[in-house]
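The values are calculated or read from the model by the stated rules, or taken from the named source; none is laboratory data. Quick caveat: nothing in here was measured; it's all calculated off a predicted structure. Note that each Cβ is placed from the backbone with ideal geometry, even for glycine, and that neighbours are counted across all protein chains shown. Calculation scope for accessible area: heavy atoms of the full protein, side chains included, ligands and nucleic acids excluded. Shrake-Rupley method; radii C 1.70, N 1.55, O 1.52, S 1.80 Å.
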Amino acid sequence: MQISWEVRNRFRLFREERDFLLHTESARGRSILSSEQALELQSDGRGWARNTVNRLCIDLAGRVSEPCTRDNVKESYLTPVDHPVTVRLTGQIPVGATCAWSFDDGEGPPRQSTLDCAEPINFRARYGRPTVTTVDVSSGPEAPQRVGTEIMVRDIFIAGLGDSIASGEGNPDRPIALSDEGFCFRSYLGTAAAQYYRPSRAGYKGGRACEAPDLLPVWQRQSALWFNSACHRSLYSYQTRTALALAVRYPHIAVTYLPLACTGATIADGLFGSQRARECPPTKTTAACQGTVNAQLAELREAVAAAKRRQPDRKLDLILLSIGANDINFSGLVADVIVDTPTERVLFRRTGVIGSVDDSRAALARDLPQGFSKLREALKPLVGDLQRVVYVSYANPTLAGGAPCPGGRGGFDIHPSFNAQPQRLANVSGYVENEFLPQLKALALCQSGILCRDPAADRMTFVDAHQAAFSRHGMCVHAADDPKFDRDCFSPTGRSFVADPVAAADNPMACSHPASDYRPYASRARWIRTVNDSYFTAMTYPEGMPAMLRPSDIHDALWSVLSAVYGGAVHPTAEGHAAMADAALAAARGVLGLGNGTPSVSSEPLTPPPRDVVQ
């Protein structure tokens, strides 16, 4: 006989155990990617996080709940004093045996309880100290058998830092609900003939014609929901899925996870300094929007300092990090590829929306190495050993079978000016593959002439094992088992929508399916959101834009462009993030010294007590 134990609801971001059990059940014998695909099937492509997002220990403004009520018990989130544990007796247990349990944590008398040996027993194990656990098993006239072990929960403190890839951009926890009716947008030409219709937001009761009054507060109440709207933080992000997977696979640990990554972040504006919010949480009025997000490193320092004040031995065990794409203006490169009409290209080039490979290359050579050097110095005091910083690299989103996508309007016809121009696409794809990604690896590992003060101590743990798989799942990849809506409704030749504005006002889809049939979390061959996906999943109104780029109303020509790209175009899907998490999990497991996930048996039968001793 042996004592078996596990921590309950051990991913401490979740307030309710049912949300954690959903993942333990789906993960049995599966990778994170396979588990995500099973959950996508179970949710009919609507997404598992849509119900979990309002049951977290972090509110929608990004504030940690202190204390957080988890399963009806108030707990300090950053500094837990105990953890809920379930204990069982396993092995060859005599039928009808009675178990007399004793739990001694060295503080006060042991806690004791007697019950049928077939029943598990729950108690709260003190944090930071072992609980000596014994059970005397009585059955018939034979002497009781005693089994003992020590129970000590390891609470792992993990922080997530970085940009949109780190935050989970493209994958709102509760995606937008689409109306089957059309909504009018204007183009920059400004004529009636330049108006066009795309699916509206379900529940929007305002006018849908371009001449209708602007009802932004009403429109915003039907927004997609993120567990932090200002940063587009998502439970689907690889950082959240990695931290969650650690908790799922290791029953003797608990994971305290602090997500701080923010879409749009650079090293300077985002990690070291504040940055603009992407959008504000849906409210009855948008007046409450503050428009900025605090620096991630400042937030992390404050959280670690607060934890140490309450528990001096509390430390940060791991940082998950992805940063650098915005520093070299990757979004500008995307805009250069997909914005094709001359009017929009001139306007966006003047406002800095469109970038160039040459400018990006200059920033890669000059600015990014300096930023990484400064970042290393800032992270050392937080983790000590920079091996505890797991830098997860980007994947090239433009590949199919290892070669650049052919381009075209397929997946990009949500806006009339979009077209993935083949030559520009090939140029950007080659730059990302041959220059940007190798330079990131050199920066993280102090290689290829990158100057580090102490290369042996300044290397981060680097992860890029997912890149090979992404080369087969880029934004242009299709499969026969893709969702029927995608196959029927997203035209490879760019004819997904009704051109006649009169007919499109009632139903803008050129296929026989209504827009509401789209499933953002159905399994697909592509692991990258197209601009069509971005609009159909998030349809983001860009409140955090600079004043000169802010749309004048919800029918505005600029809003029609930004609504398609600012919800996560050319970002990983939930499946893509799960594949990244599988790669990150292997590295995190090694850094934390966690082995293969099978807990070792730490109990054994003890010498039976004398028959005349009362236990």
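Key figures
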item	result
Yes/no for G494 being touching a Lys or Arg at 6+ places or on another chain (Cβ under 6 Å) and crowded, with 16+ Cβ neighbours inside 10 Å	yes
Positions within the stretch 107-164 being under 30 Å from A277 (Cβ atoms) and of a type in the set (G, A, S), in sequence order	A159, G160, G162, S164
The stretch 507-537: number of residues that are over 27 Å from the mean Cα position of the chain (by Cα), within 17 Å of A177 (Cα to Cα) and in a loop (DSSP other than H, G, I, E, B)	4
Candidates Q467, Q387, Q439, Q421, filtered to the one that is more than 26 Å from I319 (Cβ to Cβ) and either modelled with pLDDT of 95 or more or of a type outside the set (A, V, I, L, M) (or both)	Q421
Search result, residues across the stretch 413-427 that are touching a Ser or Thr at 6+ places or on another chain (Cβ under 7 Å) and either of a type in the set (A, V, I, L, M) or open to solvent by 10 Å² or more (accessible area, probe 1.4 Å) (or both)	P416, L425
Check on H478, under 28 Å from the mean Cα position of the chain (by Cα), open to solvent by 20 Å² or more (accessible area, probe 1.4 Å) and closer than 27 Å to I165 by Cβ	yes
Any helices (runs of 4 or more DSSP H) falling wholly within the stretch 432-493 and containing at least 2 residues that are under 14 Å from L399 (Cβ atoms) and out of contact with any Asp or Glu (no Cβ under 6 Å at 6 or more places or on another chain)	467-470
Check on A525, closer than 25 Å to E575 by Cα and either in contact (Cβ under 8 Å) with a residue 60 or more places away in the chain or among the hydrophobic types (A, V, I, L, M, F, W, C) (or both)	yes
Any hit, the stretch 454-475, residues being out of contact with any Cys (no Cβ under 7 Å at 6 or more places or on another chain), open to solvent by 50 Å² or more (accessible area, probe 1.4 Å) and farther than 23 Å from T573 by Cβ	yes
Count of residues meeting criterion [under 15 Å from E36 (Cβ atoms) and not in a loop (DSSP other than H, G, I, E, B)] in the stretch 223-248	9
Where T598 falls short, out of the listed (1) modelled with pLDDT of 95 or more; (2) on the phi < 0 side of the Ramachandran plot	(1)
Within the stretch 80-108, tally of residues that are part of a loop (DSSP other than H, G, I, E, B) and touching a strand residue (DSSP E or B) at 6+ places or on another chain (Cβ under 9 Å)	10
Helices (runs of 4 or more DSSP H) lying entirely in the stretch 1-69 (those with 1 or more residues that are touching a Phe, Trp or Tyr at 6+ places or on another chain (Cβ under 8 Å), within 24 Å of A579 (Cβ to Cβ) and of a type in the set (S, T, Y))	49-52
Qualifying positions in the stretch 218-252 - open to solvent by less than 10 Å² (accessible area, probe 1.4 Å), among the aliphatic types (A, V, I, L, M), over 20 Å from G62 (Cα atoms) and over 13 Å from the mean Cα position of the chain (by Cα)	L246, A247
Lone unmet requirement of (1) assigned to a loop (DSSP other than H, G, I, E, B); (2) under 16 Å from Y541 (Cα atoms); (3) touching a residue at least 40 places away in the same chain (Cβ under 8 Å) for A212	(2)
Test: residue in the stretch 116-128 that is open to solvent by less than 40 Å² (accessible area, probe 1.4 Å), at pLDDT below 95, over 20 Å from N9 (Cα atoms) and out of contact with any His (no Cβ under 6 Å at 6 or more places or on another chain)	yes
Search result, residues across the stretch 352-399 that are open to solvent by less than 60 Å² (accessible area, probe 1.4 Å), outside any loop (DSSP other than H, G, I, E, B) and within 19 Å of N434 (Cβ to Cβ)	V357, S360, A362, A363, L364, L368, P369, L399
Spans of strands (runs of 3 or more DSSP E) in the stretch 138-202 with at least 2 residues within 26 Å of V7 (Cα to Cα)	145-151, 154-162
Of the criteria (1) modelled with pLDDT of 95 or more; (2) open to solvent by 50 Å² or more (accessible area, probe 1.4 Å), which one T285 fails	(1)
Residues being surrounded by 15 or more Cβ atoms within 10 Å (Cβ to Cβ) and either among the polar types (S, T, N, Q) or farther than 28 Å from P141 by Cβ (or both) - total across the stretch 69-89	11
Flag if R55 is surrounded by 13 or more Cβ atoms within 10 Å (Cβ to Cβ), within 30 Å of N171 (Cα to Cα) and of a type outside the set (A, V, I, L, M)	yes
